[in-house]
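A short worksheet on the structure shown next.
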């Protein structure tokens with residue numbers, strides 16, 4: 001088994017599973033000291049310029065907004081980024097190793113790492129989307145009271161991933177009145193506004209899966225009000 005995992009053709013999958021385990025250990029360790037790896041990742045993750053279309057019929061490689069389309073298709077706006085990352089690493093790693101084991105069984109040799117990785121990626125992405133869809137449906141049920149997404153209007157969200165301009169939303173998080181964190185896609189309500197990572201945004205409208213907002217300079221006051229509820 002160790003020999004199989006250490007084969008050069010299987011290294012992409014072995015590394016993916018090792019990263020998944022490392023993330024789980026770090027999340028447990030940072031949570032014990034009161035931090036949480038997910039919060040650290042959102043703080044230090046690079047500020048991507050995400051060209052977005054809110055219409056997520058599926059990734060289109062010819063579109064300038066392909067990165068945001070893929071992120072939305074994988075439900076990164078509905079499920080925390082760290083959970084999607086762990087799901088992808090797990091599914092990609094296991095799918096690749098299972099594929100290679102079948103190939104080895106029937107042909108006596110392994111696929112080249114690049115070919116196996118490509119095949120595993122094609123299979124993994126739809127599986128990750130299905131898995132995050134299940135997670136997205138389960139997460140709100142942890143609360144004793146259902147929260148309508150319409151209640152997000154009037155609350156303050158903080159941009160966590162990307163740069164939001166008109167027509168190009170970025171991921172943001174907000175807390176509902178029960179203190180539950182939600183991840184949503186936000187774009188400016190005003191044509192000339194730009195929201196960067198860490199900017200507080202007052203949600204003013206919902207347009208399908210995307211919310212629009214205006215700059216909010218008193219997010220701390222809003223957070224304090226949330227804590228009193």
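Can you tell me the length gained on complete extension of the stretch residue 5 to residue 153, counting 0.36 nm per residue apart and subtracting the Cα distance?
Going from the current span to full extension adds 48.3 nm.
Determine, from the Cβ-Cβ distance of residue 104 and residue 209 and an R0 of 41 Å, the FRET efficiency 1/(1 + (r/R0)^6), rounded to the nearest 0.05.
0.45
Bear in mind that the values in this text are calculations on the coordinates, not laboratory data. Model, not experiment: these values are computed from the prediction. With ideal geometry, Cβ positions are generated from the backbone for all residues, glycine too; neighbour counts draw on all protein chains shown.
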